[in-house]
Amino acid sequence: DKAAETARLSKEAEKLQKALDKLNAKLSKPGYTEKAPAHLVEKDKADLAELEDKMAKVQTQLAKLKD
């Protein structure tokens, strides 16, 4: 069902966007990036890249459904 899949992907995109916003805010704080252990900052950057990749895939799927 196209409508159900669109709704599911939209919900997933919303969830991913909230996680992306949270990580971006965290990484944009100079106090965090300067004081946190390097391995934690690198993990957050890797998590951010993974979330961005997932978001791109979800957006691609949504675009295909709209065609």
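The set of residues in region 23-47 that are outside any helix (DSSP H, G or I) and loosely packed, with under 10 Cβ neighbours inside 10 Å contains only 37. Any idea how many residues of region 7-32 are over 18 Å from the mean Cα position of the chain (by Cα) and of a type in the set (Ser, Thr, Tyr)? Total meeting the criteria: 1. Residues that are under 15 Å from the mean Cα position of the chain (by Cα) and over 28 Å from residue 66 (Cβ atoms) occur in region 33-43; there is at least one.
Readers should treat all values here as calculations from the given coordinates under stated rules, not as data from a laboratory. Since this is a predicted model, take the numbers as computed values, not measurements. Cβ atoms come from the backbone with ideal geometry, glycine included; neighbour counts cover every protein chain shown.
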